[in-house]
Structures are given as structure tokens and as C-alpha cells.
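Structure record follows, encoded as C-alpha cells.
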Amino acid sequence: MAFEGLSERLQKAFAGLRRKGKVTESDVSEAMREIRLALLEADVNFKVVKDFIKTVREQAVGSAVLDSLTPAQQIIKIVNDELTKTMGEAAVPLVKAPKIPTVIMMVGLQGAGKTTTVGKLATRLIQQEKARPLLIAADVYRPAAIEQLEVVGQQVNAPVFQLGTDVDPREIVRQGLAQAALQHNDYVIIDTAGRLQIDEKLMAELTDIKAIAQPNDILLVVDAMTGQAATDVATGFNEQLDITGVVLTKLDGDTRGGAALSIRAVTGKPIMFVGQGEKMDALDVFYPDRMANRILG
Ligand code: GDP
């Protein structure tokens, strides 16, 4: 289960506080040490951990907390609120273009769940807005990618625009957008190429596609199971593309929590959706407060 280890360790730190009738500054320090270790072990970025602990400690050692009747509960609430803040406070919705189509560009490394997420997003838009999205297959390097998107398109009942693997992805995007204009599609979702790692050629191509498509949102898909690496990937893509948000996939697995807690604080960009399964309806809006509750267990 996701966050299991982190939840357990936090609960243990809180139990230590709860046992005390009166909580002293040194009890707070002890709890902070445990929370710090728990976060580091969950693969949360060290700078995020440092700032987090500093902020929580400052609030927790105040006399309003320590002299209150329920110091432990108040400290737990401070941790909860700070976890929420670290993840961005409120949910961030997709941008809607004033004039159709709204263009969403999907980027990410191979295997992160990009193509699956294209299908999930299309499903969501179709179900919630009766949208008519066009999916553009711009990953020409992995032949199976186009086929995979076509399967996804059939599954969710959305047309797929593709020109095979011999046409430059920039041209595919140009023609796909022209097709969307002709057919009055209200959304265009572009599935771009993924690589095993960030490289210059990939980034140059994505930068060009961004310039051509002028997307309303650029969503980076990252795998929560990769922990700290997911945060590094988000930093890399954000520096090059100025992404608008992140989709954190595979949160149904036993991820330790590092990516969920670090990405917003490190990149300044919000996690907008989370993937919680392989099925097309397994995409949820990311609510920082609910995620904080889930982490606290
Ligand atoms: P891409 O290379 O980034 O396009 O990745 P794919 O969309 O092909 O996904 C890679 C694998 O991850 C596939 O087996 C997907 O079914 C799986 N996957 C994607 N998202 C999720 C998720 O949220 N949860 C789980 N458990 N598996 C996922």
C-alpha cells in the first residue's frame, strides 16, 4: 500500500507525544527527529524535509501549543497542515482555452504511464464534459506506441490522428491540429515521445512541439514508484519546457511517498492528477489535503 512505511513511522512519532501529559521542547525535538527520518526514508527531497521540519518545529514549540491542554493533537494538526501546504494546498484544474480546441501536451519518460494517461484524461473529459477529444500520436520512435494509442483510443471511444512512424513528429502535430480544426474537436491531447532518460534531442523536439501546438497545459507524467528520481525528472522537464503540472502515476502501488511530497516544493509546479490503476477510469484529481490525510493514515 502507498505510504505505508511513512504512515507507520509518523504514527509512532505521534504516539510518543500522545503518551506525555505535558509536552516539552525536548519532546518536540525528539518527535521532529523521528519525523525527519521518516520523511527521508520515504525518499522525500532532503531540502523539502529540512524546510518542513523547520516550519513545523517553529510552530510546535510555541507556548500556545506546549501550554495547551492538547499539545500532541495540535502538533499533529500542524504536521497535517504543513504536509498539505508542501503539496500545494488546493487542487489545480486544467486550463480551458477560450476558443476550441484546448490543447494538452503530454510528456514523460518511457514507461511512466504517458499513453495510458492520455486515455484516462480523454475518458475523464468525455464523461464529465461530453468532450470530443482528438488524440495525436506523436511518438514515432517506439512503433508499438502508435498502436498502443490506437487501442486506447478505441477503448475510450476517441479518434486517434497518426501518420505512422516515418513522418517528423512536428509535422504530425501540425496536421493533427489542422484535422482537429476541421472536425471541431474541443480537446486535442498530444502523446509525445518518451525516452529512457532526458536527452537533448528529445527536449529539442518537445520544445518545437510546444511552439507549434501552443498547449494550454503541458502535463508531465511521472511514476511515483521511482521516488526521488521522479522529482529529478520533473525538475529536468520543467527547466526545459516550463510544464504546467504533473500527473503522478502508479499511486496504487507501494510507493513510499517521496515524489508526492517533493514535486511541488522542488519544482513549484502542482501535481494535478494521480493515476491509481491500469484501467481507464483510474485517474483522480490530486487534492493535497486528502493526500495529507492519507499519508498521516
Ligand atoms: P508510457 O511509456 O509512458 O506511454 O507508459 P504506458 O502508458 O505504456 O504505461 C506503462 C505501464 O504502466 C503500463 O503497463 C500501464 O498499464 C502501467 N500504468 C500506467 N499508469 C498506471 C497506474 O496509475 N497504475 C498502475 N498500476 N499501472 C499504471
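We did not get these values from a lab; they are worked out from the coordinates using the rules stated. What you are looking at is a predicted structure, and each value in this text was computed from that prediction instead of being measured. Note that each Cβ is placed from the backbone with ideal geometry, even for glycine, and that neighbours are counted across all protein chains shown.
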Problem set entry | Distance between modelled label sites at Met1 and Ala204, nm, 7 Å Cα→Cβ extension | 4.9 nm
Exercise. At a Förster radius of 45 Å, what calculated FRET efficiency corresponds to the Cβ-Cβ distance of Thr70 and Asp281, to the nearest 0.05?
Worked result: 0.65
For this session: Along Cα→Cβ, 7 Å out, is where each label goes; now give me the distance between the ones at Gln179 and Leu40 in nm to one decimal.
Result: 5.2 nm
Exercise. What percent antiparallel are the DSSP beta bridges of the chain, to the nearest 5?
Worked result: 10 percent
Exercise. In the neighborhood of Asp289, defined by Cβ-to-Cβ distances under 14 Å, what is the net charge if each Lys or Arg adds +1 and each Asp or Glu adds -1?
Worked result: +1
For this session: From the P(r) of the range 1-78, can you give the percent of Cα pairs sitting at distances over 16 Å?
Result: 47 percent
Exercise. Can you give the angle from 0 to 90° between the axis of helix 46-60 and the longest principal axis of the chain, with both taken from C-alpha atoms, to the nearest 10?
Worked result: 40 degrees
Problem set entry | Where labels lie 7 Å past Cα in the beta-carbon direction, separation of Gln110 and Lys22 in nm | 6.4 nm
For this session: Take the alpha-carbon positions of the range 167-295, form their convex hull, and give its projected area averaged over all directions (one quarter of the hull surface) in nm².
Result: 8.7 nm²
Exercise. Rounded to two decimals, what ratio of Rg to Rh does the chain give with C-alpha atoms and a Kirkwood Rh?
Worked result: 1.06
Seminar exercise, completed: With T = 4 °C, eta = 1.567 mPa s and Kirkwood Rh from C-alpha pairs, the Stokes-Einstein D of the range 101-231 in µm²/s is about 89 µm²/s
For this session: Within the set of other residues whose C-beta is less than 15 Å from the C-beta of Ala193, count the net charge using Lys and Arg as +1 and Asp and Glu as -1.
Result: -4
Exercise. Any idea what diffusion coefficient the range 231-294 gets from Stokes-Einstein, in µm²/s, Kirkwood Rh on alpha carbon pairs, 37 °C, 0.692 mPa s?
Worked result: 269 µm²/s
For this session: Report the longest stretch of the chain that contains none of the GluC sites (Glu not before Pro) sitting in a DSSP loop with at most 15 other Cβ atoms within 10 Å.
Result: 90-277
Exercise. How compact and how long is the range 42-85, expressed as Rg and Dmax of its alpha-carbon atoms in Å?
Worked result: 11.3, 34
Seminar exercise, completed: In cubic angstrom per residue, the convex hull of the range 99-160 built on its Cα atoms measures 80 Å³
Exercise. How many angstrom separate the Cα center of the range 197-213 from the Cα center of the range 31-48?
Worked result: 35 Å
